[in-house]
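Q: Here you go, one structure.
Derivation of every value follows stated rules applied to the coordinates shown; laboratory data play no part. As the structure is a computational prediction, the values presented were derived from the model and not from experiment. We place every Cβ from the backbone using ideal geometry, glycine too, and count neighbours over all the protein chains shown.
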């Protein structure tokens with residue numbers, strides 16, 4: 001367990017060469033990768049969302065591809081297209097950018113719902129079906145999608161079915177004044193992304209991903225998670241609560257947090273740390289609640305404060 005923690009610390013420090021002062025954000029991104037999940041980053045342009053994805057890929061010798069989502073993007077531009085080969089009179093499949101290890105879906109909510117949904121099969125099944133043929137994606141496959149706030153012009157809501165496929169939704173946030181000065185200093189001559197070299201192999205990553213499910217989680221912690229999920233389904237400010245997928249993701253994220261901290265069991269505090277990024281995008285607020293200034297974080301804080309965490313006996 002300590003060896004995993006050392007490797008993960010090396011990985012985090014490597015990513016911090018590019019993403020300054022955002023250790024909690026980096027931790028959550030790494031947890032998502034360890035859990036073989038997909039990450040949705042919602043924030044205004046220019047805060048380093050793309051650089052986070054690129055620095056993660058560079059740190060692990062993973063293949064990285066980027067799709068700029070625009071209103072005229074077609075599903076085949078994501079998954080691939082069959083082209084007729086005149087030499088052998090057969091159609092040949094040309095794989096799209098989704099066939100990679102880390103796929104950056106940049107500004108995913110600027111394209112139409114039809115194109116957004118083209119990622120659903122790849123995110124859930126790790127495969128693509130085209131013209132009746134199924135093509136498997138690489139064993140390590142992660143979608144990092146960036147999303148502009150919905151209030152910005154030219155954006156579309158992500159379908160609830162696709163939102164639920166994202167393991168976490170996070171926000172990077174503006175840097176402090178000192179951190180912003182540091183960012184400027186780092187880029188006087190060259191961008192630091194060019195200095196990010198691999199520190200962990202793909203095989204080592206796979207070993208750590210397998211180790212997440214081996215972290216011990218007590219039944220009382222699982223019952224605690226279920227109580228949190230059940231509270232979202234009964235909360236008066238919510239129109240729709242989290243599904244059983246939310247329970248499973250919250251459990252797995254808590255196990256990965258323990259691995260990140262070098263502990264071989266899940267503590268209740270780990271569940272609290274990952275509740276908002278795992279559940280906030282899986283619940284739907286009532287319209288009247290939003291009008292009163294209540295948001296998902298407010299509701300989840302209320303739920304966490306109302307449910308007592310299990311204690312050691």
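Q: Sorted by packing (mean other beta-carbon atoms within 10 Å per residue), highest first, where do 64-70, 276-282 land?
A: Top of the packing list down: 276-282, 64-70.
Q: Looking at segment 1-179, send over the antiparallel percent of its DSSP beta bridges, to the nearest 5.
A: Around 40 percent antiparallel, to the nearest 5.
Q: Sorting check: for 26-35, 118-127, which peptide has the highest mean count of neighbouring beta carbons within 10 Å, and how do the rest follow?
A: 26-35, 118-127
Q: Based on the Cβ-Cβ distance of residue 207 and residue 284, what FRET efficiency does E = 1/(1 + (r/R0)^6) give at R0 = 30 Å, to the nearest 0.05?
A: 0.20
Q: Could you order peptides 179-189, 243-253 by the average number of other Cβ atoms within 10 Å of their residues, highest first?
A: By packing density, highest mean first, the sequence is 243-253, 179-189.
Q: Suppose the chain between residue 263 and residue 63 were pulled fully straight at 0.36 nm per residue; how much longer would it get relative to their current alpha carbon spacing?
A: 69.0 nm
Q: Hey, what did segment 1-179 get for relative contact order, percent, Cα under 8 Å, at least 6 apart?
A: 30
Q: With the contact rule set at Cα under 8 Å and sequence spacing of 6 or more, what percent relative contact order holds for segment 213-308?
A: Value for segment 213-308: 33 percent.
Q: Also: Just subtract the alpha-carbon distance of residue 133 and residue 180 from 0.36 nm times their residue separation and send over the number in nm, one decimal.
A: Here the segment from residue 133 to residue 180 would lengthen by 12.0 nm.
Q: Using the count of nearby Cβ atoms within 10 Å as a rough guide to exposure, how do 60, 257 rank from fewest to most?
A: Going from least to most buried by this count: 60, 257.
Q: Could you work out the relative contact order of the chain, using alpha carbon pairs under 8 angstrom and six or more residues apart, expressed as a whole percent?
A: The value is 22 percent.
Q: Which of the three applies to segment 186-313, rounded, prolate or oblate, going by the alpha-carbon gyration tensor with a ≥ b ≥ c and a/c under 1.5 meaning rounded?
A: The shape class here is oblate.
Q: Which of 63, 54 comes first, and how do the rest follow, when ranked by fewest Cβ neighbours within 10 Å?
A: Least crowded to most crowded, the residues run 63, 54.
Q: List residues of segment 247-275, by number, whose backbone nitrogen lies under 12 Å from a label position 7 Å along Cα→C-beta of residue 216.
A: Flagged as within label range: 264-267.
Q: While we're here: Pairing the Cα long axis of helix 49-59 with the longest principal axis of the chain, what angle in degrees results, from 0 to 90 and rounded to the nearest 10?
A: 80
Q: Can you put 263, 102 in order, fewest other beta carbons within 10 Å first?
A: If I rank by nearby Cβ atoms, fewest first, I get 263, 102.
Q: Moving to a separate point now. May I ask for the angle, rounded to the nearest 10°, between helix 202-212 and the longest principal axis of the chain, with both axes built from Cα atoms and the value confined to 0 to 90°?
A: The two axes meet at around 30 degrees.
Q: Once the Cβ-Cβ distance between residue 86 and residue 114 is put in as r, and R0 is 30 Å, what FRET efficiency do you end up with, to the nearest 0.05?
A: That gives a FRET efficiency of 0.50.
Q: For the pair residue 245 and residue 157, what calculated FRET efficiency results from E = 1/(1 + (r/R0)^6), where r is the Cβ-Cβ distance and R0 = 30 Å, to the nearest 0.05?
A: 0.95
Q: For segment 193-246 and segment 70-137, write down the distance between their C-alpha centroids in whole Å.
A: The two parts, judged by their Cα centres, are 27 Å apart.
Q: Taking the Cα atoms only, what angle lies between the long axis of helix 244-260 and the longest principal axis of the chain, rounded to 10 degrees?
A: 80
Q: Under the rule a/c < 1.5 gives rounded, and otherwise a/b versus b/c splits prolate from oblate, where does the chain land using the Cα gyration tensor?
A: Because its axes are fairly even, with a/c under 1.5, the chain counts as rounded.
Q: Then there's this: Given the chain, what percent of its DSSP beta bridges are antiparallel, to the nearest 5?
A: If we restrict to bridges inside the chain, about 40 percent are antiparallel.
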